[in-house]
Amino acid sequence: SAMPLHLGKVVLALLFLLLLAQPVAASEPCNPPNVIPQPVCDMDNFYGSPPREVPEGWVPFILSGDPTYLRDEHSFFGGGTFMKSGKDGTFKAGIYTKASVTPGAGYRASISWGAPNSPETFGRQLGIDPTGGVDPNAPTVIWGPMHWGEGRILNYPPGEGPNIDVRARALGDAMTVFFLVDHPTSTGDNLIFIDAIGLYPDDSAPMVEVPAATATPEPPTATPEPPPPAP
């Protein structure tokens, strides 16, 4: 028999209250087994100000050019960051974070959202330093494939679209994940949106020999000074 109207209203009210009580969920790529803390993976909170407004837990690095890092409220997962340069600007730069890991265990770094304007002029690449070093130029960094061209979501299953995941085994209790953007050709629309970078346990990750002498290098300038104001 049909549920009495008043009981139906009670059930709907209870369901509504239950929905309100649910915590705000992380985006799917940032949920466990991802080991990068959820707010860091999801890029929910920021520090600094333009030209270096960066997600908490991430550090910018600049190899060439002078890109601006800015908060994005409209990316695929509801937030994130973006990098841009001026009308005639080119750059090679990115961000990195360190995550706690189990020594000897395998991990896979993955980015869900790396969406540039004029995508044929943007290379996107992930790297892992299994020693926990923070220098993107160090020989200890294991780099995955660099993707140029179309593709906003960069972690498709094999054969279905671009995938720039990279795997490595931890050599200590911390791993560093780098995301590098190479933009050598300016189009006047020099902008890339970045969000949801995770690190997942992966038994298929290989053990890689790295030079012991450069196990924990420090970059010369992890957070470059902003340029002086125009006269």
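The values are calculated or read from the model by the stated rules, or taken from the named source; none is laboratory data. This structure is a prediction, so every number in the text was calculated from the model and none was measured. When we count neighbours, we look across all protein chains shown, and the Cβ atoms used for this are built from the backbone with ideal geometry, even at glycine. Side chains included, ligands, DNA and RNA excluded: accessible areas come from the protein's heavy atoms. Shrake-Rupley method; radii C 1.70, N 1.55, O 1.52, S 1.80 Å.
With 10 Å bins beginning at zero, the pair-distance distribution over Cα atoms of the range 40-136 amounts to 13, 46, 33, 7, 0 %. Projecting label points 7 angstrom from Cα along Cα→Cβ for residue 143 and residue 160 puts them 2.8 nm apart.
So how do 66, 202 rank on accessible area, 1.4 Å probe, biggest first, that is with the largest at the start? Intermediate values should be presented prior to the final figure.
Working: 66 75, 202 20 Å².
Listed by decreasing accessible area, they come as 66, 202.
If you take every residue apart from residue 106 with its C-beta less than 11 Å away from the C-beta of residue 106, what net charge results, scoring Lys and Arg +1 and Asp and Glu -1? Present the calculation step by step, with values, prior to reporting the outcome.
Details: positive: 108, 167, 169; negative: 202, 203.
Surrounding charge for residue 106 is +1.
Under 5 Å between amide hydrogens, built in the peptide plane, is the criterion, and for residue 174 it picks out 101 among residues at least 5 positions away or on other chains.
Report the charge-dipole magnitude of the range 128-183 in Debye, nearest 20, computed about the Cα centre from +1 at each Lys and Arg Cβ and -1 at each Asp and Glu Cβ. Write down the numbers at each step before the final one.
Values: 3 positive and 7 negative charges, 20 e Å.
The calculated dipole for the range 128-183 is roughly 100 debye.
Working from label points 7 Å from Cα in the Cα-to-Cβ sense, the residue 28 to residue 47 distance is 3.2 nm.
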